[in-house]
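Written out below as structure tokens is the structure these notes cover.
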Amino acid sequence: MQINSIYGMDFFTVDTIFNQRCYVFFIISHKTREIIQFAITQNPVREFVRQQIIEFEHEMNRLVYLIHDNS
């Protein structure tokens with residue numbers, strides 16, 4: 001079933017009481033709506049996202065589809 005292989009990734013922000021902004025990267029399963037992986041950074045650069053995807057790929061032992069928006 002395809003729904004078992006679909007995951008989504010995105011960011012959301014958290015503003016702290018110290019006037020700092022943190023970015024939370026997460027990967028969610030579309031079937032269960034369970035957050036599979038997350039990481040927090042103050043500097044969401046391309047290398048950070050790439051490393052998170054590499055770690056996610058190492059945990060999966062099957063073909064998966066990872067979707068995202070382009071914003």
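The values are calculated or read from the model by the stated rules, or taken from the named source; none is laboratory data. These numbers were taken from a predicted model, which means no experiment stands behind them. All Cβ positions, even for glycine, are placed from backbone atoms using ideal geometry, and neighbour counts span all protein chains on display. All accessible areas refer to the heavy atoms of the entire protein, side chains included, with ligands and DNA or RNA removed. Shrake-Rupley method; radii C 1.70, N 1.55, O 1.52, S 1.80 Å.
Listed by first and then second residue, the pairs with beta-carbon distance under 7 Å, at least 6 apart or on different chains, first residue in the stretch 6-21 and at positive phi, second at pLDDT below 95 and open to solvent by less than 50 Å² (accessible area, probe 1.4 Å), form an empty list. Scanning the stretch 21-71 for residues that are small (Gly, Ala, Ser) and surrounded by 10 or more Cβ atoms within 10 Å (Cβ to Cβ) turns up Ser29, Ala39. For the stretch 5-20, residues that are open to solvent by 60 Å² or more (accessible area, probe 1.4 Å) and over 20 Å from Gln52 (Cα atoms) total 5.
Give the stretch 6-53 a look and list any residue that's of a type in the set (Lys, Arg) and either closer than 16 Å to His68 by Cβ or in a helix (DSSP H, G or I) (or both), or say none.
To start, the set of residues in the stretch 6-53 that are of a type in the set (Lys, Arg) comprises 21, 31, 33, 46, 50.
Passing the criteria: Arg46, Arg50.
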